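Novice: After the structure tokens below, expect a handful of questions from me.
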């Protein structure tokens, strides 16, 4: 009978596919060989453009071929074949578009497109924006497209409001989208800055964003993208650089900041006066980093027992702050600033946070073991009033450690950080030159250590510190007595050089062998 | 022409309803020799879609010749618009258009307009949705029959809550976006939905071991859901009533939720040009694999004969021709009473209505495709399923919507459904151009259908009776029954294995290949881009 169907068996089909594959491979290898040859012979012509184009249209990820194409186009331009250039560029865009259909995540193709548009002198940015729209419709999470969109937007400056609304649309389709949240955060601060209050985001929008993110978080608490955005929003407060503490000794002056600052900042904003004479010298960072929280001034000024020493600081608001020092001992002077770790939210935002805290508590009553609800509650408590809520925050972190064991280390670090912030406010009103952990929880890290840079006695005994923290001890520039008794040190190899008188390393059992050698090496007392 | 028709087949299928068509396709697909007949001049039987003219013929037939359509009764058609538009009004409309207004005025409809645009209507007798991960979608994909059909996603699920239409937040994106539920409710709702999806068999047994006798509503209440959330889950997602058994509610919810996120924002697909397209897709596959089709071919008599070796032959008299087959598959509405054994129990009949309106029941940015689940008004009432389809589905001309109502019969179609229609439509007739909150109903049709969906046994092992459409939302029961019938006819054979695409088919004429194609010059080949 005529034209009766007979379906190919799978074996036949497999053999046919394999044959096809072999054929393709042959053609591919041949084309690649030819391309290499032509390049070797410096034959940068249309033929080579055709060849690379054909291979790329099915294998858009071969970077080399994109590079060759750019070489060719540059040569065309150099040879003044300008009449055909726009067409060549159009063809190039066409090719990348074709390639992106095959692989929308091809780095090479996206990059080539960017290159063409920045190279030609008649780019059509609106068309590029529509291309982004199309690709984000097909895959709203393709970060290549978001990346490219930011590039296009930076060139054609469309309405920021439109871009903002675009992220809203995409998030309403699927809020599990880091790229969209990120882009939103970038536009938010550009579109709605709080000009009057000097805060990053206008109140009404800050509130609105907190609402949206809460809705996402309550819809699917296991999706971390919304939480990241929430944390970013909570961190979007006005922060100013401040001097924390400075110490003047006959040998050196140290100055600690609440944020990382660079050399020229210190040099231009800080002046130290001894008996009204400016102390001169060169600032350097103890870690040799470009940015640092602690800066050191080597000086030749003679410091005696009865000097009047003060510091002047050009603050960000244009005022000059003067901090006087007090004598710590014979010829060491310490000047402390008022410190605060409070996040300075505006009143409406605090109100919103308080409302959201209430919702969290309600939810917590229903599912007390939900880690995300408890963590958010805790973060809110800390953000709203860290001092007032400290006890509850600590209690919650302990609960979190038991219900979310996988992240126990993270909660330990939070415990450490927030407890130290709490203790610091007390330590700064006392006149002691000793740093000793005053709370029950064992610390795992050393946050804000520059705040204790003035201390001569640092007692870090009975904690959970590991050898990883040792390099950061370089901050303790004035420390003489250091105790690391009963910690979890395994090696001393990264302990920085400090002018110590005594170090206590008892109870770090794994150090036994190393300590003997260490004792011989150092010029201070080692207790083990 | 009759002489062309062979007389001996392995399988004869009578009736082109959903079940019959699937069985026909399945038999033909594995190489059975199939004849497929229908007594009327179109496909689908009670599952058919009609254009407006076809529908008028159908209505006329039911009214004038009730014996031809015994399943349909209480049929009432009503117009809410004039036969003709008054001339002046027409002109006025045109003048308005010439005004510099950017929006053209709303088109005014008359009965004559309907008649002249009759081809643009596709009105379903049995409108049904497909669950995106339901058995029919899986079957359409696995059998490769999906290529004969096109679908649109249902864009929203609505319910009737606090005396108004409300969108139901059913997907993650909906729950995130909605402002209708509070923040704590969002968490509660998502928690309930994800736990229902997430339960495995064992957890299910555990969680629900004490809920066998209780209702789904009691369970939801027990879980602390607010009345609003219970409404969404019970009536809109599970499609239930106050006394829906707990386990059934969980099952329905799970089915709904499992189908989310595959094609669109809701779990449902609607076939372009109506549900009546689907039986035809199966018929097409049957024909591609050699099935023979004859419409307008009523059968007069069916006899079964046992010949030697205990083998049975079924003989059919049709238009004075005798046709023989090993198996007869016959739709319940084409089936002579004496073949059915025993007479099926009277089920609860179905009340249906179709409305044609001049706008959607709830405005939206793009043309909506809506499933509205209307909860029972009183405890004695049934829930009503409402489907609203627009021009984009090929169901009606631009500017109109077709709305289907389906429920289990309590009194009669009109008494059961009119009160609900009045809540969402303006049934007063009158000026169509007047701005109103509710869309105007332009035309309505109420009717009852006998419920013939219960499985029916036949007198003879060689005769297989297919049920009629049920009142349910989907085609799942039809698919299940078709597979059962197929398994009886062809034990051990695969049910609708994947049909090949054209490029996978070799024609027997092509079997002798010419010599292998040789490349003459390497140079020529390099032009071929590897693919």
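What follows draws every value from the coordinates through simple rules; no lab data is involved. Just so it is clear, the structure is predicted and the values come from calculations on it, not from any experiment. Cβ placement follows ideal geometry from the backbone for every residue including glycine, while neighbour counts extend to all protein chains displayed.
Novice: On a C-alpha basis, how far is the centre of the stretch B:125-172 from the centre of the stretch B:223-269 in Å? Whole number, if you could?
Specialist: Going from one Cα centre to the other spans 14 Å.
Novice: Which whole-number percent gives the relative contact order of chain A, counting Cα pairs below 8 Å spaced six or more residues apart?
Specialist: Numbers: 686 pairs, mean separation 34.4, N = 528.
The normalised contact order for chain A reaches 7 percent.
Novice: Now a separate question. The stretch A:315-356: D in µm²/s via Stokes-Einstein (Kirkwood Rh, Cα pairs, 25 °C, 0.890 mPa s)? Working shown, then result.
Specialist: Details: Rh = 14.1 Å.
Value of D from the Cα-based Kirkwood radius: 174 µm²/s.
Novice: Quick check: residue separation of residue A:369 and residue A:83 times 0.36 nm, minus the Cα distance between them. What number comes out in nm? Before the final figure, lay out each step's value.
Specialist: Details: separation 286, 0.36 × 286 = 102.96 nm, distance 7.00 nm.
Residue separation times 0.36 nm, minus the Cα-Cα distance, leaves 96.0 nm.
Novice: Any chance you could run the full-extension gain for residue A:316 through residue A:289? It's 0.36 nm times the residue separation minus the Cα-Cα distance, nm to one decimal. Mind showing how you got there, number by number?
Specialist: Values: separation 27, 0.36 × 27 = 9.72 nm, distance 2.28 nm.
Computed gain between residue A:316 and residue A:289 is 7.4 nm.
Novice: Stokes-Einstein at 37 °C, 0.692 mPa s, Kirkwood radius from Cα pairs: D for the stretch B:387-499 in µm² s⁻¹? Mind showing how you got there, number by number?
Specialist: Values: Rh = 18.0 Å.
D = 183 µm²/s.
Novice: Moving on. From the square roots a ≥ b ≥ c of the eigenvalues of the alpha-carbon gyration tensor of the stretch A:379-471, which class results: rounded (a/c under 1.5), prolate (a/b over b/c), or oblate?
Specialist: On the way: a/c = 2.35, a/b = 1.32, b/c = 1.78.
Here the stretch A:379-471 falls in the oblate category.
Novice: Compute log10 of I(q)/I(0) for the stretch A:421-528 with the Debye formula, placing one identical point scatterer on every Cα and leaving out solvent, at q = 0.20, 0.21 Å⁻¹, to two decimals.
Specialist: Debye output, listed in q order: -1.07, -1.18.
Novice: Also, I was wondering about something else. Give me the tail of P(r) for the stretch A:1-148 as a percent: Cα-Cα pairs with distance above 24 Å. Working shown, then result.
Specialist: On the way: 4925 of 10878 pairs.
Tail of P(r) above 24 Å: 45 percent of Cα pairs.
Novice: What's the angle, to the nearest 10 degrees (0 to 90), between helix A:10-40's Cα axis and the longest principal axis of chain A?
Specialist: 80
Novice: Using the scaling law 2.2 N^0.38 Å as the reference, what is the normalised Cα Rg of the stretch A:441-489?
Specialist: Numbers: Rg = 10.1 Å, N = 49, 2.2 N^0.38 = 9.7 Å.
After normalising by residue count via 2.2 N^0.38 Å, the value is 1.04.
Novice: If you don't mind, another one. Per DSSP H run of at least 4 residues, take -39500 (n - 2.57); add these up for the protein assembly as shown, divide by its residues and hand me the 222 nm value, nearest 500 deg cm²/dmol.
Specialist: Details: 32 runs with 409 residues, N = 1059.
Taking each H run of at least 4 residues, the total per residue is -12000 deg cm²/dmol.
Novice: Using a ≥ b ≥ c from the Cα gyration tensor of the stretch A:191-272 (square roots of the eigenvalues), is it rounded, prolate or oblate, where a/c under 1.5 gives rounded and otherwise the larger of a/b and b/c decides, a/b for prolate? If you can, show how the numbers build up before the last one.
Specialist: On the way: a/c = 4.56, a/b = 2.38, b/c = 1.92.
Taking the square roots of the gyration eigenvalues as a ≥ b ≥ c, the stretch A:191-272 is prolate.
Novice: For the stretch B:188-319, what percent of Cα pairs sit more than 23 Å apart? All intermediate terms of the calculation are to be shown ahead of the outcome.
Specialist: Numbers: 4966 of 8646 pairs.
Of the Cα pairs, 57 percent sit more than 23 Å apart.
Novice: Report the extension gain between residue A:232 and residue A:408 in nm, rounded to one decimal, defined as 0.36 nm multiplied by the number of residues separating them, less their alpha carbon distance.
Specialist: Values: separation 176, 0.36 × 176 = 63.36 nm, distance 2.22 nm.
That pair, residue A:232 and residue A:408, stretches by 61.1 nm at full extension.
Novice: For the stretch A:343-402, which semi-axes, largest first and in whole Å, follow from the square roots of 5 times the eigenvalues of its Cα gyration tensor? Don't skip to the end; give the middle numbers.
Specialist: Numbers: eigenvalues 79, 39, 11 Å².
Three semi-axes, in Å: 20, 14, 7.
Novice: How tilted is helix A:85-102 with respect to the longest principal axis of chain A? Cα atoms for both, answer in degrees (0 to 90, nearest 10).
Specialist: The helix A:85-102 is inclined about 80 degrees to chain A.
Novice: Any idea what diffusion coefficient the stretch A:248-372 gets from Stokes-Einstein, in µm²/s, Kirkwood Rh on alpha carbon pairs, 25 °C, 0.890 mPa s?
Specialist: Details: Rh = 17.7 Å.
So the translational diffusion coefficient is about 138 µm²/s.
Novice: Let me ask something else about it. Could you let me know the centre-to-centre spacing of the stretch A:325-368 and the stretch A:174-241, using Cα atoms, in angstrom?
Specialist: 20
Novice: Pairing the Cα long axis of helix A:178-191 with the longest principal axis of chain A, what angle in degrees results, from 0 to 90 and rounded to the nearest 10?
Specialist: Roughly 70 degrees between the two axes.
Novice: What ranking do B:334, A:140, B:365, A:392 get, fewest neighbouring Cβ atoms within 10 angstrom at the top?
Specialist: Numbers: B:334 22, A:140 18, B:365 6, A:392 13.
The order, fewest Cβ neighbours first, is B:365, A:392, A:140, B:334.
Novice: Counting DSSP beta bridges in chain A, what percent are antiparallel, to the nearest 5?
Specialist: Working: 37 of 50 bridges.
DSSP beta bridges in chain A are roughly 75 percent antiparallel.
Novice: Pull up the DSSP beta bridges for the protein assembly as shown and report the antiparallel fraction as a percent, rounded to 5.
Specialist: On the way: 96 of 131 bridges.
Here the share of antiparallel DSSP bridges comes out near 75 percent.
Novice: For chain A, how big is Rg over Rh, using alpha carbon atoms and the Kirkwood form of Rh? Before the final figure, lay out the partial values.
Specialist: Details: Rg = 31.7 Å, Rh = 28.9 Å.
Dividing the radius of gyration by the Kirkwood radius yields 1.09.
Novice: Among DSSP beta bridges lying fully in chain B, give the percent that are antiparallel, nearest 5.
Specialist: Working: 56 of 78 bridges.
Percentage antiparallel, nearest 5: 70.
Novice: Rg to Rh for the stretch B:287-344: what is it, with Cα atoms only and Rh by Kirkwood? All intermediate terms of the calculation are to be shown ahead of the outcome.
Specialist: Details: Rg = 13.0 Å, Rh = 13.1 Å.
Using only Cα positions, Rg/Rh for the stretch B:287-344 is 0.99.
Novice: Restricting to Cα atoms and excluding each atom paired with itself, what does the Kirkwood estimate give for the stretch A:154-313 in Å?
Specialist: Details: mean 1/r = 0.0517 Å⁻¹.
Result for the stretch A:154-313 stands at 19.3 Å.
Novice: Here's a follow-up. When Rg is the radius of gyration of the Cα atoms in the stretch A:78-131 and Rh is its Kirkwood radius, what does Rg/Rh come to? Mind showing how you got there, number by number?
Specialist: Details: Rg = 11.6 Å, Rh = 11.7 Å.
With Rg and the Kirkwood Rh in hand, the quotient comes to 0.99.
Novice: Mind jotting down the distance between the C-alpha centroids of the stretch A:405-436 and the stretch A:443-470, whole Å?
Specialist: One Cα centre to the other: 10 Å.
Novice: Take the Cα radius of gyration of the protein assembly as shown and divide it by 2.2 N^0.38 Å, with N its residue count; two decimals is plenty. Write down the numbers at each step before the final one.
Specialist: Working: Rg = 39.7 Å, N = 1059, 2.2 N^0.38 = 31.0 Å.
In units of the 2.2 N^0.38 Å rule of thumb, it is 1.28.
Novice: Right, another one. Across the Cα atoms of the stretch B:382-421, what radius of gyration and what greatest pairwise Cα-Cα distance (Dmax) are found, in Å?
Specialist: Calculated on Cα positions, Rg and Dmax stand at 12.3, 35 Å.
Novice: Based on other C-beta atoms within 10 Å, arrange B:30, B:145, B:59 from fewest to most. Write out the running numbers ahead of the final one.
Specialist: On the way: B:30 14, B:145 23, B:59 18.
So the residues, fewest neighbours to most, are B:30, B:59, B:145.
Novice: If you rank B:196, A:323 by fewest surrounding Cβ atoms within 10 Å, what's the result? Kindly include the intermediate steps, with their values, before the conclusion.
Specialist: Numbers: B:196 22, A:323 18.
So the ranking, lowest neighbour count to highest, is A:323, B:196.
Novice: I need the P(r) histogram for chain B: all alpha carbon pairs, bin width 10 Å from 0 out to the longest distance, whole percents.
Specialist: Spelled out per bin, shortest first, that is 3, 16, 24, 23, 17, 10, 4, 1, 0.
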